[in-house]
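See structure below.
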Amino acid sequence: MTDYDDINREGAPPSASAGSAAAGVSREPSGTDDVFDYLDSEALASWNLKRIRTVLGVSQQDISDRLKESRWGIRLAQTQIAKIERGERPWRVNEMFAIAEVLGISWDELFRGDDVADDAQLTLLAARLKYQQIEEAADEVRTAGREAAAEARNAGMEMCRTAARLGIDDPAVRHFLEMQYHYASRPEHDGPADPRTQAERVKAAKEYAETEWQRLLEEERPAKRRVVRRPRKKPGD
């Protein structure tokens, strides 16, 4: 572990290259399904901030107070620093340099990851980030699937209404209506299984499709024009 009493206390001046260099984590990706591959530089910096200030005996409030007196003109409340450490608030580059300076360390100390890979808290953090990233990706897929399914159903109903309006009994229409029955009658995740046989379910689906088809025919049938008969005028009127 770095001796933070002997570290260069001048910090590093902000620069465009500093921000890009800070984005690197010294631990190389394993190329396998390793939880540390999901540990990004911002999360590592947040974890190191807590670790370093604890070693130095500096509280979150101490950092907040020192920032007010620093040359950076940055004001961060203790609660904001706590959120940074928990990974609930993103870092800003100038905040990173300012916090490093008031701690008396070089900014790149916040991105050291080579000596802490066996730390239990860091391992748990990496595992949590892996879960969060994969769960977010899975949720996006689920959301996209629900949206696509809704669009498909709307397009299917439009197809059925078009066929009914034209009076064309198309096999694709029957199939769509039967599948709507199967989707609607599927048991819930923890619900009881359907006790009917496959043949019974198929028969019920066909009956449902026939009923729906007749309903659509009735709804889409062109309305008969109402003929209004006017009374004939009598001679002399």
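The values are calculated or read from the model by the stated rules, or taken from the named source; none is laboratory data. For clarity, every value in this text was computed on a predicted model and none was experimentally measured. Here the Cβ is made from the backbone with ideal geometry for all residues, glycine too, and neighbour counts use every protein chain on show.
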Collect the residues in the stretch 59-118 that are buried (at least 16 other Cβ atoms within 10 Å of the Cβ), on the phi > 0 side of the Ramachandran plot and more than 31 Å from the chain's Cα centre (by Cα), keeping them in residue-number order.
Gly104
Need pairs with beta-carbon distance below 9 Å; first residue over 23 Å from Ala149 (Cα atoms) and within the stretch 175-204, second at pLDDT 85 or above and aliphatic (A, V, I, L, M); sequence gap 6+ or separate chains.
Arg196/Ala204
Checked against (1) in contact with a helix residue (DSSP H, G or I) (Cβ under 9 Å, 6 or more places away or on another chain); (2) aliphatic (A, V, I, L, M); (3) modelled with pLDDT under 85, Met157 satisfies every condition except (3)
Identify the single condition in (1) at pLDDT below 90; (2) within 30 Å of Ser41 (Cβ to Cβ) that Arg201 does not satisfy, given that it satisfies every other one.
(2)
By residue number, the members of the stretch 50-88 that are closer than 19 Å to Ala127 by Cα and touching a helix residue (DSSP H, G or I) at 6+ places or on another chain (Cβ under 8 Å) are Lys50, Ile84, Glu85, Arg86, Gly87
